[in-house]
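One structure below.
Just so it is clear, none of the values below were taken in a lab; they were calculated from the coordinates. Quick caveat, the model's predicted, so the values are computed rather than measured. Cβ coordinates were reconstructed from backbone atoms using ideal geometry, including for glycine residues, and neighbour counts include every protein chain displayed.
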Amino acid sequence: MFERDSLAGHPEVEHPLVLTHPATGARSLLLGSMVISGITTLAEKESRALLDELLEHTTSAPYVYSHRWKQGDLVVWDNLAALHTASPCDSSRHRRLLYRAAVR
């Protein structure tokens, strides 16, 4: 599990909230409650409210794909265009084996 303490010793950096995909030109939002601490141009309360609203909208039913895993499945996504997270796994009954490949 992600621990915010694992970032100790690493400086905070600023990134744009709106990203432009280098290949497609499509625009997307950089969101993620584990790594985004705020919007620098807004007061903390306004920043948190806007980020919460954006995350709630982007994770609502019309925009979510949940994969029902079965043996042999392979799922591929574009890290620059998808907000993703691991789903729970019953490790007492199933072995979870993941490989990560990066394509340039």
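Observations on the model:
- Cβ-based charge dipole, the chain, positive-most Cα from 28, 40, 64: 64
- Annotation: amide H-H contacts under 5 Å for residue 29 (H modelled 1.01 Å from N, sequence separation of 5 or more, or interchain): 19.
- Rounded to the nearest Hz, the phi-derived 3J(HN,Hα) couplings of region 14-28 under the Karplus curve 6.51 cos²θ - 1.76 cosθ + 1.60 (θ = phi - 60°) are 9, 10, x, 6, 9, 10, 10, 5, x, 9, 9, x, 5, 9, 9, where x marks glycine and proline.
- Phi angles across region 88-104 convert, under the Karplus curve 6.51 cos²θ - 1.76 cosθ + 1.60 with θ = phi - 60°, into 3J(HN,Hα) values of x, 9, 7, 5, 6, 10, 9, 8, 10, 10, 10, 10, 10, 10, 10, 10, 9 Hz, Gly and Pro given as x.
- Calculated [θ] (222 nm, deg cm²/dmol) that DSSP helices of n ≥ 4 give over the chain, each run adding -39,500 (n - 2.57): -4500 deg cm²/dmol
- Among 23, 49, 82, the largest mean-square fluctuation in a Gaussian network model of the chain, built with springs joining Cα atoms closer than 10 Å, belongs to 23.
- Debye, to nearest 20: dipole size of the chain, +1 on Lys, Arg Cβ, -1 on Asp, Glu Cβ: 640 debye
- Computed on the chain, with alpha-carbon pairs under 8 angstrom and 6+ residues apart, the relative contact order is 17 percent.
- FRET efficiency estimate (nearest 0.05) - Cβ-Cβ, residue 92 to residue 27, R0 35 angstrom: 0.25
- Amide H contacts for residue 37 (H built 1.01 Å from N in the peptide plane; partners 5 or more residues away or on another chain; cut-off under 5 Å): none found.
- Acute angle (nearest 10 degrees) that the helix 44-58 long axis makes with the longest principal axis of the chain, alpha-carbon atoms: 30 degrees
- Phi angles across region 73-81 convert, under the Karplus curve 6.51 cos²θ - 1.76 cosθ + 1.60 with θ = phi - 60°, into 3J(HN,Hα) values of 5, 9, 10, 10, 9, 8, 4, 7, 10 Hz, Gly and Pro given as x.
- Cα point-scatterer Debye curve for the chain, base-10 log of I(q)/I(0) at q = 0.14 Å⁻¹: -0.79
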